[in-house]
Amino acid sequence: MSRIVEASDRERFALSLSGHAGDKPFLLRRKGNRFRVQRRRFLSHNPFRPHLFAEIEPAPYGSRIAGHYAMAWETKAFMTLWFAGVALSGAGFIAQLASEYARGEIGGHELLWVLHPIGMLVFGYLLVASGKFLSRNEARDISEWLRNQFVDVALESS
């Protein structure tokens, strides 16, 4: 863990262009033997970028890092609320339009309002997809950086 801590900056709120103090390329949030790593972002913010959520576990040969890549929980929570809110309010809106159309209160051209909630769902999907596309190499970069922290350990033990 000390190698990872030394090679990264602590993730925290600060008034700098990257949003965090320091100048190392990766940011770390640590709690015990669990940690989260993300690539430092300069002048841009992509909440859909992957973070490595990992834990250092004891292994017969020393230690093992086990983890997975995912979006930050804040982003997942917001997008879940977004999709649920649009789906629920859109379903009610569409049901109301269908009822008014069936009673003859509105014409067929007003049914085009149905496209609004559908468009909002498509927008949300495209937002997530484009964010993932723009950060498509970050998981590989984090893995490579993490592997590089232990290269000399493997060479010393040979």
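Coordinate-derived values only; no laboratory data. In this text the structure is predicted, and so the values were computed from the model without any measurement. Neighbour counts are summed over all protein chains in view; Cβ atoms, including those assigned to glycine, are modelled from backbone coordinates with ideal geometry.
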**Asked** Looking at SER99, SER63, SER89, which one is loosely packed, with under 14 Cβ neighbours inside 10 Å, outside any helix (DSSP H, G or I) and either among the small types (Gly, Ala, Ser) or at positive phi (or both)?
**Response** SER63
**Prompt:** Only one of (1) surrounded by 14 or more Cβ atoms within 10 Å (Cβ to Cβ); (2) in a strand (DSSP E or B) is not met by PRO47, so which one is it?
**Reply:** (2)
**Complete:** Counting only residues in the stretch 31-53 that are touching a residue at least 60 places away in the same chain (Cβ under 8 Å) and of a type in the set (A, V, I, L, M, F, W, C), the one farthest from MET1 (Cα to Cα) is identified as PHE48
**The listed residue being aliphatic (A, V, I, L, M) and farther than 30 Å from ARG49 by Cα, out of ALA95, ALA129** = ALA95
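What do you reckon, is LEU111 more than 34 Å from the chain's Cα centre (by Cα), part of a helix (DSSP H, G or I) and among the hydrophobic types (A, V, I, L, M, F, W, C)?
yes
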**Prompt:** Failed condition for PHE83, given (1) in a strand (DSSP E or B); (2) closer than 30 Å to GLY119 by Cα, with all others met?
**Reply:** (1)
**Criterion (under 32 Å from the mean Cα position of the chain (by Cα) and over 25 Å from PRO50 (Cβ atoms)) met by exactly one of ILE106, ILE118** = ILE118
**Complete:** Subset of the stretch 50-60, residues of a type in the set (Gly, Ala, Ser) and either crowded, with 18+ Cβ neighbours inside 10 Å or not in a strand (DSSP E or B) (or both), comes to ALA54
